[in-house]
Structure formats: structure tokens, C-alpha cells
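Asker: The structure under discussion is supplied below as C-alpha cells; questions concerning it will follow.
The values are calculated or read from the model by the stated rules, or taken from the named source; none is laboratory data. Quantities reported herein were computed from a predicted structural model and do not represent experimental measurements. Cβ atoms come from the backbone with ideal geometry, glycine included; neighbour counts cover every protein chain shown. Note: accessible area is taken over every heavy atom of the protein model, side chains too, but ligands, DNA and RNA are not part of it. Shrake-Rupley method; radii C 1.70, N 1.55, O 1.52, S 1.80 Å.
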Amino acid sequence: MEKALDSKKLGRVFSGIQPSGSQVHIGNYLGAMRRFVRLSKLSETIVCIVDLHALTSVEKREELEKNSQSLAAAYLAIGLDPEEVVIFRQSDVPAVCELSWYLACQFPLGLLERAHSFKDARAKNESVNAGRMFYPILMAADILLYRGNSVPVGADQKQHLEMTREIAQRFNHRFGQVFPIPEPLIEDATGVIPGLDGRKMSKSYDNYIGLFEAPKRVRKKIMKIVTDSKAVEEAKDPDECHVFALYKLFAGEDECEALAERYRAGGMGYGEAKQELFEAMEREIAPLRESYESWISRPDDLRDILKAGAGRARVIAEETMVQVRDAIGVGAVL
Ligand code: TRP
């Protein structure tokens, strides 16, 4: 998809990932992060570690810090160049909280009640803190504060992006043209990334493969991916198989065709397909894992990069906030 995009159309790319787990998983990588690298070569790109969002679920400060550090190392390990890309921690620019309030006062409550993420939490009877409900407002504030034009996200974030667009339009309508209306970049071909049990790969289902997990563990997990119970000699349908769905995201076209052929011909057990998947994954991930280990062992360098990123982010944020405060009529405008 990105091949068809040029930097003029993309404008400023902005995206964020929550540091809500101890490590990112291959669902995050395939669904969003891998694209950040490609987009960053085409256009100005800002990536955020959205630790304020993670506060809706992470309670311990050590955990929040460790997760944020790990995500910073992950962004760098996958190949984002900190000279080019602004990489920063959301909480380092508190203006996002101020903007959230202004947006909240424009946000219809009904819109928030309809958010899938909130409804899911309610349905599961989880204790729902008010932050969970406020979540889409904070996300809109991220995107609008940094005047992001293009927002690469996984398919599950589509509704949040629609809310952001809606609220930006309302704000502009009431106060004048302050915000660009952001475009979601959702790569349909990637679709939903299956986890070990075939459901969407997610931290909350505990069915994920960590992006930087040790190869031995990765292999063990891959061997656990659920398949049907067809015997080795039977012909199999690659398009019905979660192993193949993951394989497609790591292997080239010819390789996919070759493996699909082996599925259809019969005589291949799922164990063999899993081994192929493991090898294709390792080919791509092994060098990233090495880079991740190297970054994580240098916390001072990580801190310096985040600090520099926050400095650059703050300049953009302040420009926006001057306009926003003036448009609304708050602050030093009397
Ligand atoms: N809600 C997003 C997710 O869970 C994370 C996020 C927060 C985000 N702020 C953002 C994504 C701004 C894109 C842009 O994946």
C-alpha cells in the first residue's frame, strides 16, 4: 500500500503504542511497527510511547518505566533512526493533558459510550476506571497536538481514528481551522494477526509471541499454534491455517506459493509448516533481536534519545497550544 503513497500526501505521520506489556509482540510488529519504518523513509514521522494511555491498566511505576524503556529499545531495534524520527514518551509533553480537557468539552458523551474498547471492558466486568472511558479523547489529543496527517494503526483502532476526525471537525467548526483532519492508514492486507489459539494476537489473551523472545521459546510457542487434526498424508488448505497466515507475513511470494503447494499436495504435517514459519521469522527477527539486546543494555543512551525526542515534540506541541488557547479564549488572551 505504501508504495502508492508519496510524502506530499502523507504529510506528517504520527502513531503511538502503549507500553502496557513487558515486551511488544509480533502482532504489534506486523500490524503497525514494521510500517513505521517504511513510512519514516517517505515522510516526517513521530512515534510516541503512550505511557499515559498505559496508566489505564499498568499500576506499578517500575513496570511502567521498564515497559517504556523496552518499547523505546524496540522502536530503535526495528530500524527507526532517531536522527530522522521523533521518538518520545507521551508524558514528557504534558500539554497533551491540557488539550484533552479542551477536547473533552467538545466530545459528546454518547460517542465515548459507544467506543468498542470501553464496551469490551464493561462487558468483561473489568473494573472500569474513568481513564478507560477518557482514552479516545487522550488519543485524539495526541494526534491533534502534533498535527498528524497520517496515522498508521492496526485495524482495531479504526473507531478511535473516526472519533478523532469527528472531534477535530467539531473543534474547527466551532473555533476556526486549527487542526488538520487526520487520515488513518490501515493496511487491510495484514488484517487481524492470529495468536497461538487462533484468536487475535493480544496481550490480554496471553496468546502472543514476543517480538524479541529467545528463539527456543519462539519455536516452542509456534509448535503450539492450533491447527485442525488432519493426518500427515491428507491434503490441507493453507488459507484455513493460522500457521500459514503468519508465514505469509514473513515469507516472499515464491516461498508462500511453494509452501501452499505442499499443503495442498498432502504428505506434509503441520509440524513441518511450523518449522518453515520459525525459520522465516528468525531470518527477519534475529538481527532485530540482537539490536534490541544492545539498546536495552544502554539505558543512558535510550534516555538521551527520548529526551531529545521530547524536546522536538514540545516545540510542535507549543505551537499548536498557542493557537488552541487563543481560538478557545483561555490563557493569556485577555
Ligand atoms: N490506542 C492506540 C492502541 O492501543 C495507541 C495510541 C495512543 C495511538 N495514542 C495514539 C495510536 C495516537 C496512534 C496515534 O494501539
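Asker: Conditions: (1) open to solvent by 10 Å² or more (accessible area, probe 1.4 Å); (2) polar (S, T, N, Q); (3) within 12 Å of the ligand (Cβ to nearest atom). S127 meets all but one. Number of the miss?
Answerer: Answer for S127: the failing condition is (3).
Asker: Residues in region 1-12: is at least one within 15 Å of the ligand (Cβ to nearest atom) and open to solvent by 60 Å² or more (accessible area, probe 1.4 Å)?
Answerer: Taking every residue of region 1-12 in turn, none turns out to be within 15 Å of the ligand (Cβ to nearest atom) and open to solvent by 60 Å² or more (accessible area, probe 1.4 Å).
Asker: Is it true that I167 is of a type in the set (A, V, I, L, M) and in a loop (DSSP other than H, G, I, E, B)?
Answerer: no
Asker: Now, a different point. Taking only region 65-74 into account, find how many residues are out of contact with any strand residue (DSSP E or B) (no Cβ under 7 Å at 6 or more places or on another chain) and crowded, with 18+ Cβ neighbours inside 10 Å.
Answerer: Result for region 65-74: 5.
Asker: Which residues, counting only those in region 306-334, are of a type in the set (V, I, T), touching a helix residue (DSSP H, G or I) at 6+ places or on another chain (Cβ under 7 Å) and touching a residue at least 24 places away in the same chain (Cβ under 8 Å)?
Answerer: Answer for region 306-334, where residues must be of a type in the set (V, I, T), touching a helix residue (DSSP H, G or I) at 6+ places or on another chain (Cβ under 7 Å) and touching a residue at least 24 places away in the same chain (Cβ under 8 Å): T320, V324, I328.
Asker: A follow-up question, please. Could you tell me which residue of region 170-193 is nearest to the ligand (Cβ to nearest atom), considering only residues that are in contact (Cβ under 8 Å) with a residue 12 or more places away in the chain and assigned to a helix (DSSP H, G or I)?
Answerer: Among them, the one singled out is F171.
Asker: Here are some residues: K230, K216. Which one is in a helix (DSSP H, G or I) and surrounded by fewer than 17 Cβ atoms within 10 Å (Cβ to Cβ)? Give the derivation first.
Answerer: Details: K230 fails: in a helix (DSSP H, G or I).
Answer to the selection: K216.
Asker: Does I49 qualify as being away from the ligand (no atom under 12 Å from the Cβ), within 20 Å of S294 (Cα to Cα) and buried (at least 21 other Cβ atoms within 10 Å of the Cβ)?
Answerer: Numbers: away from the ligand (no atom under 12 Å from the Cβ): no; within 20 Å of S294 (Cα to Cα): yes; buried (at least 21 other Cβ atoms within 10 Å of the Cβ): yes.
So I49 does not fit the description; no.
Asker: Would you confirm whether or not region 145-156 contains a residue that is within 11 Å of the ligand (Cβ to nearest atom), open to solvent by 60 Å² or more (accessible area, probe 1.4 Å) and either under 29 Å from K248 (Cβ atoms) or at pLDDT 95 or above (or both)?
Answerer: Checked region 145-156: at least one residue is within 11 Å of the ligand (Cβ to nearest atom), open to solvent by 60 Å² or more (accessible area, probe 1.4 Å) and either under 29 Å from K248 (Cβ atoms) or at pLDDT 95 or above (or both).
Asker: Would you mind finding the one in K248, K224, K230 that is under 23 Å from the mean Cα position of the chain (by Cα) and not hydroxyl-bearing (S, T, Y)?
Answerer: K248
Asker: Against the definition (in contact (Cβ under 8 Å) with a residue 24 or more places away in the chain, open to solvent by 80 Å² or more (accessible area, probe 1.4 Å) and in the same structural domain as E162 (by TED's automatic domain parsing)), how does E84 come out, yes or no?
Answerer: Judged against the criteria, E84 is a match.
Conditions tested, residue by residue: (1) within 11 Å of the ligand (Cβ to nearest atom); (2) among the hydroxyl-bearing types (S, T, Y); (3) crowded, with 20+ Cβ neighbours inside 10 Å.
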{"position": "F14", "(1), (2), (3)": "yes, no, yes"}
{"position": "I17", "(1), (2), (3)": "yes, no, yes"}
{"position": "A54", "(1), (2), (3)": "yes, no, yes"}
{"position": "E63", "(1), (2), (3)": "no, no, no"}
{"position": "L76", "(1), (2), (3)": "no, no, yes"}
{"position": "V93", "(1), (2), (3)": "no, no, yes"}
{"position": "R122", "(1), (2), (3)": "no, no, no"}
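Asker: Please tell me if F175 is under 18 Å from Q18 (Cβ atoms), in the same structural domain as D304 (by TED's automatic domain parsing) and surrounded by 13 or more Cβ atoms within 10 Å (Cβ to Cβ).
Answerer: Taking the combined requirement at face value, the residue does not satisfy it.
Asker: Residue check: is R289 under 24 Å from A73 (Cβ atoms) and either surrounded by 20 or more Cβ atoms within 10 Å (Cβ to Cβ) or in contact (Cβ under 8 Å) with a residue 60 or more places away in the chain (or both)? Spell out the reasoning first.
Answerer: Working: under 24 Å from A73 (Cβ atoms): yes; either surrounded by 20 or more Cβ atoms within 10 Å (Cβ to Cβ) or in contact (Cβ under 8 Å) with a residue 60 or more places away in the chain (or both): yes.
Yes, satisfied.
Asker: On to the next question. Kindly check whether there is at least one residue in region 100-116 that is over 28 Å from E318 (Cβ atoms), open to solvent by less than 10 Å² (accessible area, probe 1.4 Å) and within 13 Å of the ligand (Cβ to nearest atom).
Answerer: There is at least one residue in region 100-116 that is over 28 Å from E318 (Cβ atoms), open to solvent by less than 10 Å² (accessible area, probe 1.4 Å) and within 13 Å of the ligand (Cβ to nearest atom).
Asker: Which of the helices (runs of 4 or more DSSP H) found entirely inside region 28-146 contain at least 2 residues meeting this: under 24 Å from G311 (Cβ atoms)? If you could, list the steps in order and put the result at the bottom.
Answerer: Working: elements: 34-42, 51-54, 61-77, 95-104, 109-113, 116-123, 130-145.
Output list reads 34-42, 51-54, 61-77, 95-104, 130-145.
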